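Below you'll find the structure, written out as structure tokens, and then a few comments.
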There are 2 protein chains.
Amino acid sequence: MTKSGLEAYEQLCDEISRLHHEFSPRLGQIAEFALANPNAMAFETVAQLADLADVQPSSFVRFAKAVGYEGCSSMQQVFRARLMDHQPSYDERIRALRQRDLEGAAPFALLNDFSVAATEGLAHLRETVRPEQLERAVSLLAGGSIVYVLGLRRSFPVAAYLAYAIGKLQRSVNLIDGIGGMLEEQASCIKARDTLLAVSFRPYADEAIGVVREAHERNASIVCITDGPLNPLARMADSVLEVRDAEVEGFRALSASMCLALTLVVALGRRVEDL
Amino acid sequence: MTKSGLEAYEQLCDEISRLHHEFSPRLGQIAEFALANPNAMAFETVAQLADLADVQPSSFVRFAKAVGYEGCSSMQQVFRARLMDHQPSYDERIRALRQRDLEGAAPFALLNDFSVAATEGLAHLRETVRPEQLERAVSLLAGGSIVYVLGLRRSFPVAAYLAYAIGKLQRSVNLIDGIGGMLEEQASCIKARDTLLAVSFRPYADEAIGVVREAHERNASIVCITDGPLNPLARMADSVLEVRDAEVEGFRALSASMCLALTLVVALGRRVEDL
DNA sequence: TCAAATATAGAAAATTCATTCCAAATAATG
DNA sequence: CATTATTTGGAATGAATTTTCTATATTTGA
């Protein structure tokens, strides 16, 4: 396994500490500065660092060489990697996962990888959804006299689940599924007091966009479950909930989406009960 | 109070999202890159970013100006401030989550509970499904000349997903959904060389049992996804896969089921590819 | 105290960088 | 189809950055 950013950083700190007592005064001064200001070391230019540490830029270069690097630039990479490492992006984690799943192709290995990916997706969901967003979405759903649920193609299973579950709450719910080619007819039922709950993932189906636009023009409330902020639906929506299910070979597991859907439904049920 | 690095960053993200739809193609491309790679945006030089995003450096400068900055450098400060500000350890992240859970509204607490429950469901799935069961299920699916997918009521979303995904593999697939009251007619198409993939959770719908029985009598292969061994379908099935999604107030999240479904589909795709 | 060695400061040089500008390409308009 | 407006690619520019170099200062050891 390749060395992580944090490890390299800690190793460098150790090295600096070890050498500190045998450094010349100026180098020692820089060593202390470096250990005390790792953020600055990561971001500032040598000139700025020199200014902050009250030394000459050339001293910084000598320092970098003294601890074993070719120059300041390569030393700086270590301080940067540390910050990167602290926050591995969701994409990076999933990419790492995908790397592994290429090795074992057996179905069981797949199940393992996908379930780990789904777990990551759920964790991501917890971390990124903001309480007030959820709150708002539930309010909009509770406020609509009829809830319309939209989801086509890959989003359809989520929409179907939402419609089923909301229906069990004894609320008026309508699944816009485009059955019999009647998408527009279904959409045209949406009125101003209603709420449209739209589920849409990339690539965003044109028909779905059309339905949302129509609902928007009719002044219906719109709650949108989607996979990213760069989404043609987002700007028409009154509430946007972001989910990022791991995608493998073009398929999304929808595990996190389903979890969010369940949350919305149960929260809606409680809200309605309380009234 | 002075604006934190994180706030500024989130504000910038919002702005990018808001403007995305009116950007030119190249600017849109950069917008997506920026949101997907905030780390790179913080550290890399414009030339490197341009290379990564596959655009010209000048386009990056145009982008920075389009979102309201004087140039790339000032925009980059925002991405850097985010990392400066925000270097939580794992423990801190957990604590922050608890904090939000406590002070946050009820729906968010629900989301937390459900996502934890779903995570446990996934772990359970990993632990209980045996490799040879999966192998067998995939073989049966690969062997059938037509795959029929059955799932009614709460199981319907899983079935819909399976049908959609198997269809994308260019295989003949047929979703038995009982549309137009034609459940029996749909079921009567199943022949001996076909495979029925039945999804059924408690309380097992009578109609579903009927369809499986009919398929069984016609000597079709039967793969069953269900929630326990005490299931009327199990004894007719050639392969049984057991999933236990967490249940809350009578609702199942289906997260684990979706994960298993994805696994079956991708494994099937690979199996067919290899032939 | 004096020479030798080492460390430092600061200027200079060589890169690299962000930005600008203009021409080519593309899309919109009449 | 011709014209106009946008958008895009890529070279040019000038500022900034890292690094090297050298004269000066400081320390070391006799």
Has region B:173-192 got any residue that is within 14 Å of chain A (Cβ to nearest Cβ) and within 18 Å of B:E135 (Cα to Cα)? no
Read through the list (1) facing another protein chain (nearest Cβ under 7 Å); (2) closer than 19 Å to A:A205 by Cα, then give the number of the only condition that A:I222 fails. (1)
Residues that are near DNA strand D (Cβ under 8 Å from one of its atoms) and within 15 Å of A:V78 (Cα to Cα), drawn from region A:31-56: A:E44, A:T45, A:V46
Residue by residue through region A:47-66, note down the ones that are hydrophobic (A, V, I, L, M, F, W, C) and away from DNA strand C (no atom under 11 Å from the Cβ). A:L49, A:L52, A:A64
So in region A:132-154, with the set limited to residues that are among the hydroxyl-bearing types (S, T, Y) and more than 10 Å from every other protein chain (Cβ to nearest Cβ), which one is surrounded by the most Cβ atoms within 10 Å (Cβ to Cβ)? A:Y148
All-but-one check, A:Q11 against (1) within 22 Å of B:L83 (Cβ to Cβ); (2) within 10 Å of DNA strand C (Cβ to nearest atom), failing number (2)
Could you please let me know if A:E44 is within 16 Å of DNA strand C (Cβ to nearest atom), modelled with pLDDT under 90 and of a type outside the set (A, V, I, L, M)? no
Wholly within region A:160-275, helices (runs of 4 or more DSSP H) carrying at least 3 residues that are modelled with pLDDT of 95 or more and under 30 Å from A:N112 (Cβ atoms): A:255-274
Pairs with Cβ under 8 Å, 6+ apart, first in region B:61-84 and away from chain A (no Cβ under 14 Å) and touching a residue at least 60 places away in the same chain (Cβ under 8 Å), second more than 7 Å from DNA strand C (Cβ to nearest atom) and hydroxyl-bearing (S, T, Y): B:M75/B:Y69
Go through region B:6-51 and count every residue that is touching a His at 6+ places or on another chain (Cβ under 9 Å) and more than 9 Å from every other protein chain (Cβ to nearest Cβ). 3
Out of A:A165, A:A123, I need the residue that is free of Cβ contacts under 8 Å to residues at least 40 places away in the same chain and either under 30 Å from B:A137 (Cα atoms) or more than 10 Å from chain B (Cβ to nearest Cβ) (or both). Which one? A:A123
Please go through region A:227-253 and give me each residue that is within 8 Å of chain B (Cβ to nearest Cβ) and touching a Leu at 6+ places or on another chain (Cβ under 8 Å), ordered by number. A:G228, A:P229, A:L230, A:V248, A:F251, A:R252, A:A253
Return the only residue of B:S200, B:S188, B:S139 being touching a strand residue (DSSP E or B) at 6+ places or on another chain (Cβ under 6 Å) and hydroxyl-bearing (S, T, Y). B:S200
Assess whether A:R244 counts as being touching a Lys or Arg at 6+ places or on another chain (Cβ under 7 Å) and surrounded by 20 or more Cβ atoms within 10 Å (Cβ to Cβ). no
Single residue of region A:18-30 satisfying the filter (within 11 Å of DNA strand C (Cβ to nearest atom) and of a type in the set (A, V, I, L, M, F, W, C)) that is farthest from B:F79 (Cα to Cα): A:F23
Assess whether A:S139 counts as being closer than 19 Å to A:A246 by Cα and either modelled with pLDDT under 90 or assigned to a helix (DSSP H, G or I) (or both). no
More than 10 Å from DNA strand D (Cβ to nearest atom) and either more than 33 Å from the chain's Cα centre (by Cα) or farther than 24 Å from A:A81 by Cα (or both), is that true of B:S74? yes
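The values are calculated or read from the model by the stated rules, or taken from the named source; none is laboratory data. These numbers come from a predicted model, not from an experiment. So basically every Cβ, Gly included, is an ideal-geometry build from the backbone, and we count neighbours across all protein chains shown.
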